[in-house]
Structures are given as structure tokens and as C-alpha cells.
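A short worksheet on the structure shown next.
The values are calculated or read from the model by the stated rules, or taken from the named source; none is laboratory data. Just so we're clear, the structure is a prediction, and the values are computed from it rather than from any experiment. Heads up, the Cβs are rebuilt from the backbone with ideal geometry, glycines too, and the neighbour counts pull from every protein chain shown. With ligands, DNA and RNA removed, areas are computed over all heavy atoms of the protein, side chains included. Shrake-Rupley method; radii C 1.70, N 1.55, O 1.52, S 1.80 Å.
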Amino acid sequence: MSIKLGQGGSRRRRSSSFSFLFIIWWVISFSFWHFKEIVFRKSAGKIFNSKTTDPKLFKLYNDRLKPKLIEVQKMRRKAQWLIPSFLILIVTSIVYYKPNLIFSHSPFFFLAPYAKIILIFIFITFFFLYCYSVIKYYAFAAKYKEIIVKEIVSFLDPTWKYDHAKRVDEKHIKSSGLIKNNYSWIQGDDLIIGKIDKTEFESSEITTNSSESFFRPMGKTLFKCFFFHADFNKEFNGNTFIRPESDGFIKKIGDFIGGSKKSIIENNTIKVMNLVKLENPEFESFFQVYSTDQIEARYILTPKIMESLVKIKKQFKNDIYFSFSGTRIYMALKSDQNLFEPRFYGSIISFNDIEIMYNLFYLNKLFIKELNLNTRIWTKK
Amino acid sequence: MDNSIIILIAIISIITIYLIVIYNRLQKIKFEVENAFGGMDVQLKKRYDLIPNLVQTVKNYLKHEKDLLTQITELRTQVTSKDLSDNEKVKLDNKISSTMGNIMVAVENYPNLKANESFEMLQRSLNEVESQISAARRTFNSVITDYNTSIKVFPQNLIANAMKLTLKDVFEIPEEQRKNININNLFKN
């Protein structure tokens, strides 16, 4: 009887220590995820090979944006405990498992019996402080978008609608076929809805994530991109995909084995797509085209459009994907980080940052202009 | 069984499989060529169907260019009534393209016609068909290039010879069609 009790007790103790470990692991992962999103960000300017500038933009920056930036930057101070509290969380969790590190060889040795309680108390306090800083950072980011980013968008075109909290609807992402369906949740922000002449378009940032697991409590980021879609000026029935030419030996071998066919699943039916070989060698060196209809693919990809796509591609270091489906053109520019977030350290009062943002939003105009989407000389008006 | 016989059988089966694979590949490419020509034919037929419409819409305006209209109607009758060889068809189609081009140039002198709604619709359909034809031609050329390469490389050329496959010509795009469409002129009212 007593033996049984003893076993039960140890099992309970083990399971409680396991759930404790889980909580710690979850808190650390949660903190690390946000820390990575906020602090470890590269400049969005890295995706560009070349940028466009508008002389009026500098005037806008000096006259209108600078005073606002100074005001908004003050809000960031409330998030200043983000890095220190994160470091304290890490240190506390290490010390919790090796309390001797601090408590045996220091003036605090007399606290050793209460070590764990003290550490838990410190951990909880700083976790709350950390959460507070994260919330404050996001509040600052939201304000920055509301005031600064919105102004840049309306500088490009006052008729465009900008909403920093929304994203392109999932049905468009699904019908584009550009993003793999293996995600469990999707997020995104910085939606723009607009119309240039006859062509209406939408764009936003999109991130897909895998489901949460014990080892990754926050899930894993699968694909992050700047997503754009617009009404296309020609009518077509099939699906055509343009993806970057595989670089690297292994990928090339994969392509060789995979052959010249690919398939997509649309409305629960599998469509087979064939490789389309086009006559522009430069285009072929950058992209691979797959389509359900060889003639239609060439109807869409005229020599002029191919040249334009090459021109667009050359402006970016990152991979770029296109698809034509239904009545629309879809585009995904792959990125490694959030594109429209204000920086966490360093001054936000920088013309360079504003210029990068301007260039990202300018993409909407660039695509429509380069692809001549406003040329409506075919049956589709 | 003797080892050498096994090896011999293995070699013969490998060669047979290889021959079957090549034969099938060539058959497939041959079929693709026919298919691509068919695809082009479909688009050309669409253009023939538009010709009577075009003549009907412009005849009241283009009084001085009656010849052009008679010419295009004749060409259409020729191309649709008789059983023509591929080469003859191509020649006639090129003629149709250039005559149509001339009609469109003539239209430039009649602003009233250009403003006409049904003419605008017709012009859109023509642009559509022209783009489709050019896409179909490019598809055809790409398939032909593939076909020509396949029947010329060793050892496929041996089997291609046995199958009596000969080189085929790619489409020559007439000079006037290579010019870019001047979009500004198209819808200037």
C-alpha cells in the first residue's frame, strides 16, 4: 500500500515538474518569438537591388513627416525594458536549474534555501514587464503606421485605402496557388486597396505558419511575402504559374527528376501543368513557367510582358512568383521579415526608412505600369 | 544457364526498352506538332469569322477603299472553301493579315467610324484574335523547334529516319506583323 502511494507521489511530482518545464519552455519560446520579430530585424531595404526616388518625397519628409516622427518616437521609450527583461528571463531560468551558480559563492548565500521561490518571483515579475514592453512596442508600431505609413500611402495616391491591421482575403491567397496549402494559420497586415485607372488591386504582407508543437510553441514561419493581386487585362480560362528558376545543384536535379510536369489542386480536382519553354533566354534564365494551356501561357506572356517581368525581377534580390488564375494576376515577393514595421533601436527619424517604405508601396504602381494592365484593347474592358 | 546468355538477354532487353522509349517520345512530339498546328487553326478560323462582321461595319464608311474590302472577302472565301495544303494556308493567312492591316490603316482617316461602338467592340475582338494567333504561332514554333532537335540528335535520328520523320519549317512572322502595335493610335477618337 505504502509502496503504491510512494509511486503515485513520484509520478505526480514528475508530471508537475514536467508541466512546470513546459510552462517555462512556452514562456521562453513566446518571449523569443516576439524578441526575434521586434529586435532581430534586417532593414527591408535589403530586398531591393535598385530604388526609385521622388524628389517631392524628401520635401514631404522634411515638412510633414519629421515633426511627426519625433513625436511618435517618444512612444517607443515605454518599450525600453524589452531587451533587459528578456535577458533577465533567460538568466533566471538558467539559474533556476543551477542555483549554486549564484547562491553558493556570493553574498546571497544566506538566501539559498529560498532560492527557487525568489527566482520564480523574479521570473514572473520580469515576464510581466517583458509582456508590457512588447504591448507598448506594438502600440508604438500601430501609431507609427497610422500616422507615418498612412501619410506615405496617401502621398503615392490619395485614393488608396490603407489599413495596417488587415490583410488580403484568404480566398485570394488560395486561388493564387502561390502559397503552399500546408499552413495552419495565416497572418498579415498593411493592406492597401486601390485602383489605378481601370485596374483595381490589393496588396498586403502575408505570413503562413505551421501548427504549434511542443518544440515550437509558436509554430514555424513557412512563407512570408509581399502579396499583390490585380485585375488582369486579358481573359483566360487556365492557370499559369511563373516561379524562379531553381538555383543550386540539388534543386536542379530535383527539377530534372520531377520532369516537365507539375500539378495543382483546384476545387478538389487535380490539374496537370506542363513546362512552357519560352523564346526569351533572359526570361528563361530567371523563371520557370508552368501552365495548363501552352497557347494561353504565351497569350499572357507576350514578348513585351516577358521583358517587363525580367525588368521587375532585376529590381529585387528576393525570389518573386507570379500566377494567372481566374481573372487575376497574383504576385508574391518573398521576404524574410516584416516590411513596414518601425525599427526598435536606432532613430526612426531617417529618410532612408521612409524611402524604403515608399518603394515598397510603389510596387503596386510599378506592377500595373510595367505589365500594362491599363491597356484594355482586348475583349475584356 | 550460361552467364553469357543472361548478359546477352539483359543487353537485348535494355536496347529494346530504350528503343521503345525513344519511339514513344518521337510519337508524342509528332502528335504535339499536329496539336499545335490545330491550335493555330482554331484561332485563324476565329479570325475568318470576324471578317464578314468587319466588312459589314466599315463598308458604309470606307467608300474609297472598296477594293480592299472585296479583296479580303475573296481571300476569306478562298481559305474557307477549299481544302488547302498547310503551305497554301499559311500564304493566304499572311495575305489576310496584311490586307487587314491595310484596312485598319484606312480606318484612321474616318474618326466617325472609330467612335462607333460596334466598331470598337469589333476592334477589340480582332486584337484578341491577333494576340491569340501570335501566341498559337509561338507555341507552334516552340514545338517545331523541339521536334526538329529531337529528330536530328543521335541516336534518335536513326529511329526518326525509320519513322520517316522529316524536318519541319517554323513560322516566319511577316515583317509588318513584327512591328509593335501603337496603342495610342488604336483608340484615338
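Near the amide H of A:E200, within less than 5 Å, lie the amide hydrogens of A:D231, all on another chain or at least 5 residues away, with H placed in the peptide plane. Mean sequence separation of contacting Cα pairs (under 8 Å, at least six apart), scaled by the length of chain A, corresponds to a relative contact order of 20 percent.
Of the DSSP H helices in chain A, those that are both long (alpha-carbon extent of 27 Å or more along the helix axis) and hydrophobic (Kyte-Doolittle mean at least 0.0) are A:2-38, A:115-144. Between helix B:3-58 and chain B there is an angle of about 10 degrees, using the helix long axis and the longest principal axis of the Cα atoms. In chain B, the longest principal axis of the Cα atoms and the axis of helix B:86-107 are about 30 degrees apart. Between A:L222 and A:T208, A:N209, A:S210, the built amide H atoms are under 5 Å apart, and every one of these is 5 or more places off in sequence or on another chain. Over 32 Å apart at the Cα level, from the set A:K145/A:K195; A:K51/A:K150; A:K220/A:K381, are A:K220/A:K381. In a simple Cβ point-charge model (Lys, Arg +1; Asp, Glu -1; nothing else charged), chain B has a dipole of about 120 debye relative to its Cα centre. Loop sites by DSSP among the chymotrypsin sites (Phe, Trp or Tyr not before Pro) of chain A, restricted to those with at most 14 other Cβ atoms within 10 angstrom, leave A:41-213 as the longest stretch without any of them. What you get for the protein assembly as shown, charging only the Cβ of Lys and Arg (+1) and of Asp and Glu (-1), is a dipole of about 2340 debye around the Cα centre. Taking label points 7 Å from Cα along the Cα-to-Cβ direction, A:K150 and A:R216 give a separation of 3.5 nm.
Of the residues A:K171, A:K136, A:K51, the one that moves most in a GNM of chain A with alpha-carbon contacts below 10 Å is A:K171. Positive-end ranking of B:A135, A:P99, A:A142 along the dipole of the protein assembly as shown, with charges on Cβ about the Cα centre, is headed by A:P99. Taking every residue in B:126-139 and counting other chain Cβ atoms within 10 Å of its Cβ, the average works out to 5. What the Cβ-Cβ distance of A:K198 and A:K174 gives, at R0 = 35 Å and to the nearest 0.05, is a FRET efficiency of 0.85. Of the residues B:I144, B:I12, B:N157, the one whose Cα sits farthest towards the positive end of the charge dipole of chain B is B:I144 (charges of +1 on Lys and Arg Cβ, -1 on Asp and Glu Cβ, taken about the Cα centre). GNM remark for chain B: springs join alpha carbons under 10 Å apart, and the peak mean-square fluctuation among B:I14, B:I159, B:I103 falls on B:I14.
Note on chain A: dipole from Cβ charges, positive end direction compared against A:N181, A:I196, A:L371; the farthest Cα belongs to A:N181.
Here each label is just a point 7 Å from Cα along the line to Cβ, and for A:N274 and A:F109 those points are 8.3 nm apart. Couplings 3J(HN,Hα) for the range B:143-160, derived from phi with the Karplus relation 6.51 cos²θ - 1.76 cosθ + 1.60 (θ = phi - 60°), are 5, 5, 4, 4, 4, 4, 5, 4, 7, 9, 7, 7, x, 4, 4, 5, 5, 4 Hz, where x marks Gly and Pro.
Note on B:V153 and B:I15: their simple-model spin labels are 2.2 nm apart, each label 7 Å out from Cα toward Cβ. Surface composition of the range B:3-186: carbon plus sulfur atoms contribute 56% of the solvent-accessible area (1.4 Å probe, protein chains only, all chains present). For B:K63, the aspartates and glutamates whose Cα falls under 16 Å of its own Cα, not counting residues fewer than eight places away in the same chain, are B:E108.
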